[in-house]
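Below is one structure, written out as structure tokens, with a few remarks after it.
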Amino acid sequence: MLRKTEFYIDGKWTAPAKPNEFEVINPADEQPFAIISLGSQADVDTAVAAAQRAFPAWSVTSREERLAWLDRLLEAYKARMNDMAKAISEEMGAPMKLAMESQAAVGISHIKTFTRALKNFEFEHALDERNPQERIVHEPIGVVGLITPWNWPMNQVTLKVVPAIAAGCTVVLKPSEVAPLSSIVFAEIVAASDLPAGVFNMVNGDGPTVGEAMSRHAGIDMMSFTGSTRAGVAVTKASADTIKRVTLELGGKSPNIVFADSDLEAAIARGLDHCFENTGQSCNAPTRMLVERSVYDRAVELAAGHTAKVKVGNPAEDGDHIGPLVSQVQFDKVQGLIDAAIKEGAKLVAGGPGRPEGFNRGYYVRPTVFADVTNEMTIAREEVFGPVLAMIPFEGEDEAVEIANDTPYGLSSYVQTGDAEKARRVAKRLRSGMVQINGASRAPGSPFGGYKQSGLGREGGKYGIEDFLEVKAVAGWPQ
């Protein structure tokens, strides 16, 4: 059994203030494979104090010093890629190919992108050409509390830790206790990157204890949280008494609008693959497929046929299969939502309740497609966070946009059409922070975030650095 019971505080591995051991479960076999510690208020206090001590010196380091650290971090991360992928696969069930090529690799991509953004970031500038005496200065906000989820652990850790430190902040990270091993590897990577003590600190723990303590802490100037909308509300409320800045990346129920003039077969396959990627455990997964009525029946046939080919398998094995869900809690939630869809009258065309054939243990679920869904059904309203697609017919462009926007979320949207003008027109009408047309990938450094209950703020590239900066206006700047 792997034992990783210490926290990384003030540049060294530190025993918790009081013992509170917690088993980490491998979702493929439901067995514990590691033991960590859950922290307390006292551990948060220690980590915040270290970050506060480190802030004055780190906040005034030069751009060149921070860029040099990013270069060292990148090399240290590359050296631990295999360890990172293995940790992610074991803790949250990502198949090894996904764990290596996407889950772990995205950390490298983000470090490179933030390096480019930092090189070009304008920390000081005149207000405008008419007012050169008015200087606008962007300064680090201070000590930042970071809470990251289990579904794309390194995506979120590097999207928060790297820009915060690049901006001149010091940080306290609380990764998900469900999938903490990858963040422990990341802390070891930071330890190898020659970062001054106290700039980066990590305390493991659960949300109601460590997350709450961080959010309420007067010594933390900002909270950046990724996770469920419910937990985001809790972080916001707990942060209110100290008037700290809060940025949130929360849930989604992303629509994928498939028009009759699209390449239907390609659009359906692409939509399903994205919906099922990471076993459906992605906040921006296109889980509502809206299909124009004239091609709807054919689309349902294509979806059923494609889903039948999706393989479920052991995450320790290489391949293009999908793995288990992360936990018993998540398994039960997904099963409950599948049952609710059936009871509410959605037509099951692929998958369904229970585990796939050949599995009697592990949090494996059947890739599932429901047709004839209405947007009022539970399966169309709630974020499933599993490999479950709801297909909804529409009559025309206006109805498609109306259904797409009829959600409390607004993270991402997808449009499939052969009409360029329609694509532009519909993209502008969709109430979401991101839109992808005809399978286009998002560019590195593009802002990630959403409208409505999908969150506050943006992550990635220069937008991610901006989130961790205060804006100061200085009048009478000497010329």
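The values are calculated or read from the model by the stated rules, or taken from the named source; none is laboratory data. Treat the numbers as computed from the prediction; the structure is a model and nothing was measured. All Cβ positions, even for glycine, are placed from backbone atoms using ideal geometry, and neighbour counts span all protein chains on display.
Under the condition of being touching a residue at least 40 places away in the same chain (Cβ under 8 Å) and more than 21 Å from Glu397 (Cβ to Cβ), which residue from the range 293-311 is surrounded by the most Cβ atoms within 10 Å (Cβ to Cβ)?
Ranking the candidates gives Ala303 first.
Hey, does the range 314-328 have a residue that's touching a residue at least 12 places away in the same chain (Cβ under 8 Å) and on the phi > 0 side of the Ramachandran plot? Walk me through it before giving the result.
Filtering the range 314-328 down to residues touching a residue at least 12 places away in the same chain (Cβ under 8 Å) leaves 314-328.
Next, only the ones that are on the phi > 0 side of the Ramachandran plot stay: 319.
For the range 314-328, residues touching a residue at least 12 places away in the same chain (Cβ under 8 Å) and on the phi > 0 side of the Ramachandran plot: present.
Are any residues in the range 333-351 within 27 Å of the chain's Cα centre (by Cα) and either under 11 Å from Gly386 (Cα atoms) or in a loop (DSSP other than H, G, I, E, B) (or both), and if so, which ones?
Lys333, Val334, Gln335, Leu337, Ile338, Gly351
Under 9 Å by Cβ, and 6 or more places apart or on different chains, what pairs join a residue from the range 54-79 that is under 15 Å from Val161 (Cα atoms) with one that is hydroxyl-bearing (Ser, Thr, Tyr) and assigned to a helix (DSSP H, G or I)?
Leu67/Thr115; Leu70/Thr115; Asp71/Thr115; Leu74/Thr115; Tyr77/Thr158
Right, Gly460: touching a helix residue (DSSP H, G or I) at 6+ places or on another chain (Cβ under 8 Å), modelled with pLDDT of 95 or more, crowded, with 20+ Cβ neighbours inside 10 Å and under 30 Å from Glu122 (Cβ atoms) or not?
Criteria met by Gly460.
Hey, any hits in the range 34-48 for a residue that's of a type in the set (Ser, Thr, Tyr) and closer than 30 Å to Phe276 by Cα?
Within the range 34-48 (the criterion being of a type in the set (Ser, Thr, Tyr) and closer than 30 Å to Phe276 by Cα), the answer is no, since none of the residues qualifies.
I'm trying to understand the selection: among the residues of the range 16-25, which are over 24 Å from Ala94 (Cβ atoms) and surrounded by fewer than 12 Cβ atoms within 10 Å (Cβ to Cβ)?
Of everything in the range 16-25, those that are over 24 Å from Ala94 (Cβ atoms) and surrounded by fewer than 12 Cβ atoms within 10 Å (Cβ to Cβ) turn out to be Lys18, Pro19, Glu21.
Name the residue that is nearest to Pro32 (Cα to Cα), counting only residues in the range 80-91 that are surrounded by fewer than 23 Cβ atoms within 10 Å (Cβ to Cβ) and free of Cβ contacts under 8 Å to residues at least 60 places away in the same chain.
It comes out as Lys86.
What residue, of Thr5, Thr14, is under 30 Å from Gly362 (Cβ atoms), modelled with pLDDT of 95 or more and of a type in the set (Ser, Thr, Tyr)?
The match here is Thr5.
Tell me, which strands (runs of 3 or more DSSP E) lie completely within the range 235-310 with 1 or more residues that are among the hydroxyl-bearing types (Ser, Thr, Tyr) and under 25 Å from the mean Cα position of the chain (by Cα)?
The qualifying strands (runs of 3 or more DSSP E) are 245-249.
Test Ala94 against the stated conditions and say whether it is touching a helix residue (DSSP H, G or I) at 6+ places or on another chain (Cβ under 6 Å), without any contact (Cβ under 8 Å) to a residue 60 or more places away in the chain and surrounded by 22 or more Cβ atoms within 10 Å (Cβ to Cβ).
Considered against the rule, which asks whether it is touching a helix residue (DSSP H, G or I) at 6+ places or on another chain (Cβ under 6 Å), without any contact (Cβ under 8 Å) to a residue 60 or more places away in the chain and surrounded by 22 or more Cβ atoms within 10 Å (Cβ to Cβ), Ala94 comes out as no.
Do we have any residue at all in the range 442-454 that's under 24 Å from Val171 (Cα atoms) and free of Cβ contacts under 8 Å to residues at least 40 places away in the same chain?
yes
Just checking, does the range 412-432 include any residue being touching a Pro at 6+ places or on another chain (Cβ under 7 Å), without any contact (Cβ under 8 Å) to a residue 60 or more places away in the chain and more than 23 Å from Glu265 (Cβ to Cβ)? Steps first, please.
Pass one, the range 412-432, residues touching a Pro at 6+ places or on another chain (Cβ under 7 Å): 413-414.
Cutting the leftovers down to without any contact (Cβ under 8 Å) to a residue 60 or more places away in the chain gives us none.
The answer is no; no qualifying residue exists.
Kindly indicate whether Ala260 is among the aliphatic types (A, V, I, L, M) and outside the structural domain of Glu470 (by TED's automatic domain parsing).
Taking the combined requirement at face value, the residue satisfies it.
Take the conditions part of a loop (DSSP other than H, G, I, E, B) and either buried (at least 20 other Cβ atoms within 10 Å of the Cβ) or aromatic (Phe, Trp, Tyr) (or both) and apply them to Ala28. Does it pass?
yes
Which condition breaks for Ala34 when tested against (1) closer than 25 Å to Val106 by Cα; (2) part of a loop (DSSP other than H, G, I, E, B); (3) of a type in the set (Gly, Ala, Ser)?
Only one criterion in (1) closer than 25 Å to Val106 by Cα; (2) part of a loop (DSSP other than H, G, I, E, B); (3) of a type in the set (Gly, Ala, Ser) is unmet by Ala34, namely (2).
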